[in-house]
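The values are calculated or read from the model by the stated rules, or taken from the named source; none is laboratory data. Note that the structure is a prediction, hence the values are computed from the model and not measured. With ideal geometry, Cβ positions are generated from the backbone for all residues, glycine too; neighbour counts draw on all protein chains shown.
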Amino acid sequence: MQFTCLKEEKERNKMNDKSLFRNIAKQVHPDMTNSEFASGSKMCEVIQNKNNPHVLLRLAQKWGLNLDGTFNSFAFDKKAEDYARTVYETVVGAIIRHSVLHKRKITMVRGVIVGIREITKGYSKGGREFKIYDFENTHLWTFKTMNREPFDKIVGMSDESIVNEGKEKFEHSKQMKKMVAQHKQNAADNHFERLGLQSGKRYGNIEVTVGYRGGVRKVETLIRTTAKSAYVYCFGYKNNERRIPIGSVVNIRRK
């Protein structure tokens, strides 16, 4: 009797695995659907893991497929009292589907949220910044939003390994940005020294020759400098000051 029950349970699990495979295959097979998820490479990956339901489920989460309740798919409840806290505290590790305007085209991003912070200064002050790791092409996206609902849909939760992979990518990008910023600062410092100017100082008796795009050169009145830029007099701009990179200054001349 026990052997019969075990056999029946095994057959039932086998049928469930087949149903899961068919459900996923219908959504990724390029000849069966015109869906954005359809791809020959995805279909090959599904066939390779045909008898491994755990891998199939992970692939379905990764691609954002709809499996009729196999795992939770939900959007945030905007009317809930704890809406803001839910968004802010629980989305790290969530796999999201989000459409974004990128290079003048609508792009569908599917990735895991690896970081979130409140924006405390600048034009987007009061909003939130999300770091999204697209694990299909290992690309890191940054979304700044003032909306209460920052993305289209949560399609599942990621395992810890993918989150850690995304965080490593995020840390690497931060280090690269620091290196680039330091390189630009060193170049600006060298240019200041060559011109005989000082950063962070106001001027009133110096004219500078500025090289603009297209090979145009103009003589402008220097007002002040910052760490990497110079401000020249230009009527109509904010405070009649126009900012230019210090590297655009060709030479200086005292009045």
Legend entry - The listed residue being basic (K, R) and modelled with pLDDT under 60, out of K7, K103, K18, K26: K7
Inset, instruction - Kindly establish whether V163 is surrounded by 15 or more Cβ atoms within 10 Å (Cβ to Cβ) and of a type outside the set (S, T, N, Q). - result: yes
Inset, instruction - Only one of these is in contact with a strand residue (DSSP E or B) (Cβ under 7 Å, 6 or more places away or on another chain) and surrounded by fewer than 14 Cβ atoms within 10 Å (Cβ to Cβ): K178, K169, K201, K174. Name it. - result: K201
Inset, instruction - Look at V92 and say whether it is assigned to a loop (DSSP other than H, G, I, E, B), over 12 Å from the mean Cα position of the chain (by Cα), modelled with pLDDT under 80 and surrounded by 14 or more Cβ atoms within 10 Å (Cβ to Cβ). - result: yes
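One line per residue, one yes/no per condition, for (1) under 12 Å from the mean Cα position of the chain (by Cα); (2) part of a strand (DSSP E or B); (3) of a type in the set (G, A, S); (4) surrounded by 14 or more Cβ atoms within 10 Å (Cβ to Cβ):
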| residue | (1), (2), (3), (4) |
| --- | --- |
| R97 | no, yes, no, yes |
| V100 | yes, yes, no, yes |
| G111 | yes, yes, yes, yes |
| K121 | no, no, no, no |
| K125 | no, no, no, no |
| F130 | yes, yes, no, yes |
| Y133 | yes, yes, no, yes |
| N137 | no, no, no, no |
| K144 | yes, yes, no, no |
Inset, instruction - Identify all residues within segment 198-230 that are part of a loop (DSSP other than H, G, I, E, B) and in contact with a helix residue (DSSP H, G or I) (Cβ under 8 Å, 6 or more places away or on another chain); write none if there are none. - result: Q198, S199, Y212, A227, K228
Inset, instruction - Taking the residues in segment 105-123 that are charged (D, E, K, R) and out of contact with any strand residue (DSSP E or B) (no Cβ under 9 Å at 6 or more places or on another chain) as candidates, determine which candidate is nearest to S158 (Cα to Cα). - result: K105
Legend entry - Flag if A38 is aliphatic (A, V, I, L, M), at pLDDT 75 or above and surrounded by fewer than 18 Cβ atoms within 10 Å (Cβ to Cβ): yes
